[in-house]
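Before any comments, here is the structure.
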Amino acid sequence: MHFPVSVHIGSVNILLHTITEILSLFVGFRYFLFVRNKQGDAIISNNRIWIIIGAIFGAMIGSRLIGGLENPVAMMQSKNILLYFYSNKTVVGGFLGGLLGVELTKKIIHEKHSSGDLFTYPMILALIIGRVGCFSMGIYEETYGISTSLPWGMNLGDNLYRHPVCLYEIIFLILLWITLAQIEKSFMLKEGARFKLFMISYMLFRFLLDFIKPHYTFNIGLSTIQLTCLAGSIYYYHYIIHPKKLIADIKKEEIILEPGS
């Protein structure tokens, strides 16, 4: 495989990354509509639209803010600081920025219901598709791992065998999806618990994954992404310490599915 991977359409070469970025947004949103139609939504349509808008703008700002702060040296040397921040983005910042955008929007529109559960599986699917594109870029995008002597190390374009961290993440996301589905089969989760479990798991995974990725490291031995993941974990610390608070008091088998059944 030659990196970056391109798709040839006639005389035009299109990066696979570009295709998967668009595809991830389209497929993720279509799957969200499918899940919403299948499971129903406690939030009225107008409020849900405002929540989606809040999530989009929060994710855009958070993604570029944390992405720009990943390398403080490069940031300080940048001749155009606004362009520098615009050109750098990260999923972790996008998730936390989107979360902040949603929470602020809900306060403004006085929405009390948790809004994240319906987003969880569509976000996982979109992220899996997106990571396929990131992997296709090899070393030409900063989503590759450090060199390794492990047998599954891959040449991502610089003749060094590296950790294919994008593939690690895809595998993790698939396993997380399966695990969340199994948990929901065994337990009746509280409103918002699915999303909280996803965020806690993903923050922990990305914190650990950054140890095998090249990055700017502060004197405390952690990167910007790792510090951001710690901040996200602190936000959910109450549920990390007391995971039973995510589970409803009623047992799954005690739910009456139909009146009079």
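The values are calculated or read from the model by the stated rules, or taken from the named source; none is laboratory data. Just so you know, these numbers come straight off a predicted model, no measurement behind them. Cβ coordinates were reconstructed from backbone atoms using ideal geometry, including for glycine residues, and neighbour counts include every protein chain displayed. Keep in mind that these areas ignore ligands, DNA and RNA; they rest on the heavy atoms of the full protein, side chains included. Shrake-Rupley method; radii C 1.70, N 1.55, O 1.52, S 1.80 Å.
See the values below:
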{"quantity": "Degrees between helix 165-186 axis and first principal axis of the chain (Cα, 0 to 90, nearest 10)", "calculated": "10 degrees"}
{"quantity": "Extreme residue, positive dipole direction of the range 1-122, given options ILE108, GLY40, ILE19 (C-beta unit charges)", "calculated": "ILE108"}
{"quantity": "Leading residue at positive end of dipole, the chain (Cβ point charges), from ILE183, THR224, TYR168", "calculated": "ILE183"}
{"quantity": "Heavy-atom accessible area order for LYS79, LYS107, largest first, 1.4 Å probe", "calculated": "LYS79, LYS107"}
{"quantity": "Approximate spin-label separation ASN13-HIS242, in nm, with each point projected 7 Å along Cα-to-Cβ", "calculated": "5.8 nm"}
{"quantity": "Total lysine pairs whose alpha carbons fall under 12 Å of each other in the chain (8 or more apart, or interchain)", "calculated": "7"}
{"quantity": "Average accessible surface area per residue within the chain, 1.4 Å rolling probe, Å²", "calculated": "59 Å²"}
{"quantity": "Accessible surface of the chain, 1.4 Å probe, proportion on carbon and sulfur as whole %", "calculated": "66 percent"}
{"quantity": "Rounded to 10°, Cα long-axis angle of helix 91-109 versus longest principal axis of the chain", "calculated": "40 degrees"}
{"quantity": "Mean residue ellipticity (222 nm) of the chain, computed from DSSP H runs ≥ 4 via -39,500 (n - 2.57), nearest 500", "calculated": "-20000 deg cm²/dmol"}
{"quantity": "Förster radius 25 Å - calculated FRET efficiency between ASN219 and TYR140 (Cβ-Cβ, nearest 0.05)", "calculated": "0.25"}
{"quantity": "Extension gain, ILE178 back to SER147 (0.36 nm per residue minus Cα-Cα distance, nm)", "calculated": "8.2 nm"}
{"quantity": "More than 16 angstrom apart: percent of Cα pairs within the range 142-226", "calculated": "61 percent"}
{"quantity": "Label-point separation, ALA74 to LEU204 (7 Å along Cα→Cβ), nm", "calculated": "3.0 nm"}
{"quantity": "Calculated on alpha-carbon atoms, Rg and Dmax of the chain in Å", "calculated": "20.0, 70"}
{"quantity": "Cα centre as origin, Lys/Arg/Asp/Glu Cβ charges: the chain dipole, Debye", "calculated": "300 debye"}
{"quantity": "Zone residues, the range 151-169, relative to GLU21, backbone N less than 19 Å from point 7 Å out along Cα-to-Cβ", "calculated": "166-167"}
